[in-house]
Amino acid sequence: MNMSDKQLVRLSKWISLRLRHDPAGIGLAVDSAGWAAVDDLIAASARRGVRFDRAALRTVVDHNNKRRFEFDETGTRIRARQGHSIDVELGYADAAPPELLYHGTADRFLAEIRLSGLLPMSRHDVHLSADLATAHAVGARRGRPIVLSVDAAAMAAQGHTFRVTGNGVWLTATVPPQYLREPAA
Ligand code: HQG
């Protein structure tokens, strides 16, 4: 199957929906670590008229711009690396963060964030980036982007834990406001 970029994005969105948010909607079994059998995903999708084969799935996993998905070592199971709203325990070990991490958001959320800090909202964790460019792109999805710096070293020193996914996204439960720095106006 030779896929256009558009088809690739569409399939990636479908898989993201099914692996992160709504496997039950197509009767797909996802285990506690987020894994689904590749064959099940293909069959359950086909029943809903979304047809693709293993090669197409491999293309999505390999070419996804954010490397959102991964196969297990046997290649028979697939999961999203992060971003779930369904209840999963991904099993990433705690890791020592760099001094600074970044969070991109939209400026209209700023007043609320100043008060309550960063909250995971509908996801499991707050997502942070190690580089400014990524954070900027994340923020731009939601409006006029603004990038907040997170004093990760101070958070870690005060007992907050961090985990890093296989594609370099940093996860933490919440970021209280005192660890956030806004860009100079
Ligand atoms: C904001 C995408 C008000 C937060 C991206 C964000 C990323 C608050 C939004 C990944 C708040 C939640 C994660 C508070 C946080 N008050 N707003 N107290 N605390 N927010 O999408 O970090 O494409 O759940 O700033 O590229 O934007 O899914 O999180 O704007 O990597 O692979 O609430 O999702 O990756 O939005 O994005 P999200 P996010 P994927």
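What follows draws every value from the coordinates through simple rules; no lab data is involved. Computed from a prediction, not measured in an experiment: that's the story for all the values here. Ideal geometry is used to build each Cβ from the backbone, glycine not excepted, and the neighbour counts take in all protein chains shown.
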### Query
When the helix-only estimate is applied to the chain (DSSP H runs of n ≥ 4, each -39,500 (n - 2.57), divided by the residue count), what is the mean residue ellipticity at 222 nm, nearest 500 deg cm²/dmol?
-8000 deg cm²/dmol
#### Entry: In nm, spacing of pseudo-spin labels at E112 and A33 (7 Å Cα→C-beta vector)
3.5 nm
### Message
Let me make sure I get this right: for the stretch 100-181, a, b and c are the square roots of the gyration tensor eigenvalues over alpha carbons, sorted descending. Under 1.5 in a/c it's rounded, otherwise prolate if a/b > b/c, else oblate. Which is it?
### Response
oblate
### Tensor-based shape of the stretch 5-80 (alpha-carbon gyration tensor, a/c under 1.5 rounded, otherwise prolate or oblate)
rounded
### Unit charges at the beta carbon, dipole of the chain: most positive-side option, V38, L11, H127
L11
### Message
Considering only C-alpha atoms, what is the centroid distance from the stretch 125-185 to the stretch 7-75, in Å?
### Response
28 Å
### Task
Mind telling me which of D125, D151, D53 comes out most flexible in a GNM of the chain, alpha-carbon contacts under 10 Å?
D53
### Task
For L118, enumerate residues with amide H under 5 Å from its amide H, sequence gap 5+ or separate chain, H modeled in the peptide plane.
V175
### Query
Looking at the square roots a ≥ b ≥ c of the eigenvalues of the Cα gyration tensor of the stretch 117-160, which shape do they give, rounded for a/c under 1.5, prolate if a/b is larger than b/c, or oblate?
oblate
### Summary
For R81, other-chain or 5+-apart residues with amide H closer than 5 Å (H placed, Pro excluded) are F69, E70
### Message
Quick check: net charge around G143, other residues with Cβ under 15 Å of its Cβ, Lys/Arg +1 and Asp/Glu -1?
### Response
+2
### Query
How big is the charge dipole of the chain about its Cα centre, in debye rounded to the nearest 20, if each Lys and Arg gets +1 on its Cβ and each Asp and Glu gets -1 on its Cβ?
820 debye
